[in-house]
Amino acid sequence: MSSIRCTLASLALGLAACSEPPATATATTTTTPAAGYNLTLGMKDFMNLVLEPTADVLWDSAGWVNDIETGYQELYPTTDADWDMVRQRAAQIVEAGNALALPGRAVDSDAWLTYSNALSAAGAMAMEAAAVRNQEDFFQAGAQMYSVCSACHQTYNPEISRFTSN
Ligand code: HEC
């Protein structure tokens, strides 16, 4: 199993355990693609076209903004339809974690899978929170997801510092 410890708790506590690159860390894909998977999307396209637009919807639906012109504004969904919409996006995050872990896309079978699984777990948290319309838990799930994005980037591509549209 993994030689580094990277639990959700350690992610939330400032990534200390997750920022140590494993000896094999490299953004070059090393696992062999299995027959039956369509891996047309390279990592950049996956991030820009699949993962980030989905994550942005969740982040843009949690918390509040206090703008000098428009004042204080809650970002959480206010209707059942909106909560259902963010729950759909959260489900897509669960599956995006799986897509990252596919043989041929996974960069290694160690930390990469830990981060991919953690992404799915954050998506599952957001799904549950959306199902019961729990704002606080929904916010925490978004924070969790952000930590996972950051931790994986820190390990595999430390130059990425900004990855949300905000
Ligand atoms: C399992 C690891 C992993 C996770 C989790 C991950 N990323 Fe990435 N991400 C990468 C790697 C590796 C790259 C660099 C790809 C490249 O340059 O080839 C990258 C690059 C990016 C980029 C830059 C793409 C470009 O055009 O240079 C964005 C934006 C991005 N990720 C968004 C996200 C968001 C948002 C999340 C979380 C919701 C996330 N990533 C989670 C591994 C990950």
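The values are calculated or read from the model by the stated rules, or taken from the named source; none is laboratory data. These numbers come from a predicted model, not from an experiment. Neighbour counts are summed over all protein chains in view; Cβ atoms, including those assigned to glycine, are modelled from backbone coordinates with ideal geometry.
From the list Ser147, Ser109, Ser161, pick out the single residue that is more than 15 Å from Met47 (Cβ to Cβ), assigned to a loop (DSSP other than H, G, I, E, B) and of a type outside the set (Lys, Arg). Before the answer, list the steps.
Details: Ser147 fails: assigned to a loop (DSSP other than H, G, I, E, B); Ser161 fails: more than 15 Å from Met47 (Cβ to Cβ).
Matching residue, one of Ser147, Ser109, Ser161: Ser109.
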Just to verify a result, which residue in region 58-109, among those that are surrounded by 11 or more Cβ atoms within 10 Å (Cβ to Cβ) and among the β-branched types (Val, Ile, Thr), is farthest from the ligand (Cβ to nearest atom)? Val65
Quick one: Lys44 ticks every box in (1) touching a Leu at 6+ places or on another chain (Cβ under 7 Å); (2) part of a helix (DSSP H, G or I) bar one, so which box is it? (1)
Within region 13-28, identify whether any single residue is at pLDDT below 95, over 15 Å from Tyr146 (Cβ atoms), touching a Phe, Trp or Tyr at 6+ places or on another chain (Cβ under 7 Å) and not in a helix (DSSP H, G or I), and answer yes or no. yes
Can you run down the residue pairs with Cβ atoms below 9 Å, 6 or more apart or on separate chains, where the first is in region 133-161 and without any contact (Cβ under 8 Å) to a residue 24 or more places away in the chain and the partner is within 10 Å of the ligand (Cβ to nearest atom) and of a type in the set (D, E, K, R)? His153/Glu159
Would you be able to tell me the number of residues in region 152-166 that are touching a Pro at 6+ places or on another chain (Cβ under 9 Å), closer than 16 Å to Leu100 by Cβ and either among the polar types (S, T, N, Q) or surrounded by fewer than 19 Cβ atoms within 10 Å (Cβ to Cβ) (or both)? 2
Search region 110-151 for residues being crowded, with 23+ Cβ neighbours inside 10 Å and more than 14 Å from the ligand (Cβ to nearest atom), and hand back the single one that is nearest to the chain's Cα centre (by Cα). Phe138
